[in-house]
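Bear in mind that the values in this text are calculations on the coordinates, not laboratory data. These numbers come from a predicted model, not from an experiment. Glycine also receives a Cβ, built like all others from the backbone with ideal geometry; neighbour counts cover every protein chain displayed.
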Amino acid sequence: NIPSTWKAMEALFDSGKARAIGVSNFSSKKLGDLLEVARIPPAVNQVELHPHWQQPKLHAFCKSKGVQLSGYCPLARNKVLKNSIVNLVAKKLGKTPAQVTLRWGLQMGHSVVPKSTNQARIQENFNLFDWSIPNDLFAKLSEIKQEKLVPGTGFVHETLGAYRTLEELWDGEL
């Protein structure tokens, strides 16, 4: 039950045990439903978000409601690093495909949460703040075919899950 869970999270916020509270994998519909009953709106909605899955409807909705959109899996499990458009932009800018992908998220206004244990990649991921992707190249990234890489099957079960189908989980926003 999302409303009762959210009330418990608001209590944690009120007690000072949490400085901010948020949600993960909420569609525009689920987020809208929550905002109708929330006393404290979510600070963030963490979702799959990268040039291969840009989610413009959710981006616009979150922006209009003041909810920060955060991308987990911002490198799309390295799939985006092989994309010809990303590689073209990276080559023109003298950057790596990972840097272009992460910078795309930042320029969209998202927070990005890349994962790495490799010290060189971690450093590379930090080198995003003294440059930007020019508008003409940024526009090229919107030409990438959209493909969700984390389908959510682990959140779905016919009888035991909170959601019975992927359609119910994502509210038709696939």
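What to note about this one:
- Cα-based radius of gyration of the chain once divided by 2.2 N^0.38 Å, which approximates compact folds: 1.12
- GNM result for the chain, Cα springs below 10 Å: residue of Ile133, Ile85, Ile122 fluctuating most strongly: Ile122
- The chain - mean residue ellipticity at 222 nm from DSSP helices (-39,500 (n - 2.57) per run, n ≥ 4, rounded to 500): -12500 deg cm²/dmol
- Counting DSSP beta bridges with both ends in the chain, the antiparallel % (nearest 5): 10
- Partner aspartates and glutamates for Lys91 [C-alpha distance under 18 Å; skip if fewer than 8 residues away on the same chain]: Glu124, Asp130, Asp136, Glu143
- Ranked by how many other Cβ atoms sit within 10 Å of their own Cβ, fewest first, the residues His50, His59, His157 fall in the order His157, His59, His50.
- Between helix 2-15 and the chain there is an angle of about 80 degrees, using the helix long axis and the longest principal axis of the Cα atoms.
- When you restrict to C-alpha pairs under 8 Å that are six or more residues apart and normalise by the size of the chain, the relative contact order lands at 19 percent.
- The angle between the Cα long axis of helix 97-107 and the main principal axis of the chain comes to about 50°, on a 0 to 90 degree scale.
- The residues neighbouring Gly22, those whose beta-carbon lies less than 14 Å from its own, together hold a net charge of +2 under the Lys/Arg +1, Asp/Glu -1 convention.
- Working note: Karplus 6.51/-1.76/1.60 with θ = phi - 60° gives region 137-152 the couplings 6, 4, 4, 4, 5, 6, 7, 5, 4, 7, 8, 6, 9, 10, x, x Hz, where Gly and Pro are set to x.
- Long pairs among Lys115/Lys145; Lys7/Lys30; Lys57/Lys145; Lys79/Lys145; Lys115/Lys148, criterion Cα-Cα beyond 20 Å: Lys115/Lys145
- Choice from Asn87, Asn127, Asn118 showing the highest fluctuation, given a GNM over the chain with Cα pairs closer than 10 Å: Asn118
- Amide H to amide H, with H built 1.01 Å from N, Trp53 comes under 5 Å of Glu147, counting only residues 5 or more places away or on other chains.
- Table column - 3J(HN,Hα) (Hz), region 42-52, Karplus curve with 6.51, -1.76, 1.60, x for Gly and Pro: x, 6, 8, 10, 9, 9, 5, 7, 6, x, 7
- Gaussian network model of the chain, Cα within-10 Å springs - most flexible of Leu12, Leu81, Leu141: Leu12
- In degrees, nearest ten, helix 84-93 long axis to first principal axis of the chain (Cα): 60
- Euclidean distance between Cα centres, region 131-174 to region 1-65, Å: 16
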